[in-house]
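The values are calculated or read from the model by the stated rules, or taken from the named source; none is laboratory data. These figures come from a predicted structure and were not determined experimentally. Neighbour counts run over all protein chains shown; Cβ positions are idealised from the backbone, glycine included.
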Amino acid sequence: MKTRIRNAIFGALIFGNSLSVGASATMKEALEAFDLKSLRFYSSSQFENCGRTVSVIDPKGYVHYARVGNYLGRHKGQITRVDEGNVWITEIHMDSSGKRQERETVVKIEKKNN
C-alpha cells in the first residue's frame, strides 16, 4: 500500500499524473510553502514522458522534482522553462498601488546533468 501511494505521488510530480482530491479542493504544491530564495536547484534531467525536470532541495533537506508548470515559492511562482543550467520562474507580486505585477526570475542550477 505504501509503495502505491509513493508511486502515485512520484508520478504526479514527475510525469504530470493527476491526484484526485475532490471537486472543490485546491491543493498547494509542497514547494509553495517556502520562499524562493530558500530553495536550492541542484540538477536537471531529461525524461521522455514529461520533458526536463529539476531537483529542488527545500530548507529541510528534502528533495522535490519539478518541471514546467509546477508552482513554488510564496508569490505564486510557476516554472516556465527549464534547461540544462537554469530555471525560469514567473512570480506574481503586488506593486505599491495594489496591482498585480509579473516578475521573471532566472535561477542557476548548481549541478548540470542530462
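Here are a few things to note about the model shown:
- The residues in region 61-84 that are of a type in the set (Gly, Ala, Ser) and free of Cβ contacts under 8 Å to residues at least 40 places away in the same chain can be counted, and the count is 1.
Residue by residue, here is whether (1) aromatic (Phe, Trp, Tyr); (2) at pLDDT 85 or above; (3) touching a helix residue (DSSP H, G or I) at 6+ places or on another chain (Cβ under 6 Å) holds:
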residue: ALA12; (1), (2), (3): no, no, no
residue: SER20; (1), (2), (3): no, no, no
residue: GLU29; (1), (2), (3): no, yes, no
residue: PHE34; (1), (2), (3): yes, yes, no
residue: PHE41; (1), (2), (3): yes, yes, no
residue: LYS60; (1), (2), (3): no, yes, no
residue: HIS64; (1), (2), (3): no, yes, yes
residue: GLY69; (1), (2), (3): no, yes, no
residue: ILE79; (1), (2), (3): no, yes, no
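- Spans of strands (runs of 3 or more DSSP E) in region 42-114 with at least 3 residues surrounded by 13 or more Cβ atoms within 10 Å (Cβ to Cβ): 51-57, 63-67, 77-82, 86-94
- Only residues that are within 13 Å of the chain's Cα centre (by Cα) and of a type in the set (S, T, N, Q) were counted in region 87-114, giving 1.
- Region 94-112 residues that are within 15 Å of GLY73 (Cα to Cα), paired with ones that are of a type in the set (Ser, Thr, Tyr) (beta carbon under 9 Å, 6 or more apart): GLU102/THR90; ARG103/THR90; GLU104/THR80; GLU104/THR90; THR105/THR90
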